[in-house]
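Accompanying notes for the structure given below.
The values are calculated or read from the model by the stated rules, or taken from the named source; none is laboratory data. What you see is a predicted model; the values in this text were computed from it and never measured. With ideal geometry, Cβ positions are generated from the backbone for all residues, glycine too; neighbour counts draw on all protein chains shown.
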Amino acid sequence: MRKSVSGFTIVELLIVVVVIAILAAISIVAYTGIQNRAQDTRRLSDMRAIATALEQYKVDNGRYPADSYSGLGNQSGWENSAREASGQFIASLNNSYGFSGQLPVDPINNSLEATFAEARTNGTYAYYYHRYPAGTNGCDAARGAYYILGVTTTQTASTTPHPDSPGFVCAGGHSYQSWFSWVTGGYEN
């Protein structure tokens, strides 16, 4: 009588390993997509909250907050959530206007010293804020000073601008939408 030996062949084991690897790869891709969408959702939520706080600040003070960061190089004068010390991004809104503590910053929050176009294409993720004097860049001087609030890059939008971006264009035709993936702004008057 012969004894029957049971077990798996090498081919069967390889097939199981390949199937597990394929399932793991699909899971990683799905997780990355979910994570990217979640980070973009947070970015848009942060921007809406900050824009609302800026409007409330204007109601209380008659103007938008001044820049508190001098910036560097091509982005001189712009507050940048990644380049400033913790808690310094639009610091005048901290601990008030719906924020307990510091303003939110980008989930990735890295930054390059580059033009806005270079920052968008080089994987830079940061929030930006600037208050321009009346009449700057062809904007209507009678409407007063204005602010620009933007997100350099989003992770899920296949196009720039992000489809949910309200945009900001001056009456003189200057568009800040080309500088950011998501941007908004407002006039003081």
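For the stretch 80-131, which positions are of a type in the set (A, V, I, L, M), surrounded by fewer than 18 Cβ atoms within 10 Å (Cβ to Cβ) and at pLDDT 85 or above?
A91, I108
Filter the stretch 34-59 for residues that are over 13 Å from Y97 (Cα atoms), over 13 Å from the mean Cα position of the chain (by Cα) and of a type in the set (A, V, I, L, M) and give the result.
I34
Filtering the stretch 1-41 down to residues that are in contact (Cβ under 8 Å) with a residue 60 or more places away in the chain and among the polar types (S, T, N, Q), which residue is surrounded by the most Cβ atoms within 10 Å (Cβ to Cβ)?
Checked the stretch 1-41; the qualifying residue surrounded by the most Cβ atoms within 10 Å (Cβ to Cβ) is Q39.
So which residues in the stretch 123-160 are among the hydrophobic types (A, V, I, L, M, F, W, C) and assigned to a strand (DSSP E or B), if there are any at all? Even if it seems obvious, please write down each step before you answer.
Kept after step one, since they are among the hydrophobic types (A, V, I, L, M, F, W, C), are these residues of the stretch 123-160: 126, 134, 139, 141-142, 145, 148-149, 151, 157.
I148, L149, V151, listed by residue number.
Would you confirm whether any residue within the stretch 64-72 is under 28 Å from P163 (Cβ atoms) and among the acidic types (D, E)? Spell out how you get there, then give the answer.
Within the stretch 64-72, the first condition is being under 28 Å from P163 (Cβ atoms), and the residues that meet it are 64.
Narrowing the set further to residues that are among the acidic types (D, E) leaves none.
So far as the stretch 64-72 goes, no, none of its residues is under 28 Å from P163 (Cβ atoms) and among the acidic types (D, E).
Taking the stretch 141-168 as the search range and keeping residues that are at pLDDT below 90 and surrounded by fewer than 20 Cβ atoms within 10 Å (Cβ to Cβ), which one is nearest to D106 (Cα to Cα)?
Step one: filter the stretch 141-168 for residues at pLDDT below 90, giving 152-163.
Still in the running and surrounded by fewer than 20 Cβ atoms within 10 Å (Cβ to Cβ): 155-160, 163.
Values: Q155: 12, T156: 14, A157: 16, S158: 19, T159: 19, T160: 18, P163: 18 Å.
Across the stretch 141-168, the extreme among qualifying residues is Q155.
Against the definition (crowded, with 18+ Cβ neighbours inside 10 Å and touching a residue at least 60 places away in the same chain (Cβ under 8 Å)), how does Y64 come out, yes or no?
Working: crowded, with 18+ Cβ neighbours inside 10 Å: yes; touching a residue at least 60 places away in the same chain (Cβ under 8 Å): yes.
Criteria met by Y64.
List every residue pair whose Cβ atoms sit under 6 Å apart, with the two residues 6 or more apart in sequence or on different chains, where the first one lies in the stretch 69-91 and is on the phi > 0 side of the Ramachandran plot and the second, anywhere, is modelled with pLDDT under 75 and part of a loop (DSSP other than H, G, I, E, B).
G73/E113; G77/G71
Any residue in the stretch 153-174 that is without any contact (Cβ under 8 Å) to a residue 40 or more places away in the chain and within 15 Å of Y128 (Cα to Cα) sitting within a Cβ distance under 8 Å of a residue that is small (G, A, S) and loosely packed, with under 13 Cβ neighbours inside 10 Å? List the pairs, counting only those 6 or more apart or interchain.
Close Cβ pairs (under 8 Å, with a partner that is small (G, A, S) and loosely packed, with under 13 Cβ neighbours inside 10 Å) amount to T153/G123.
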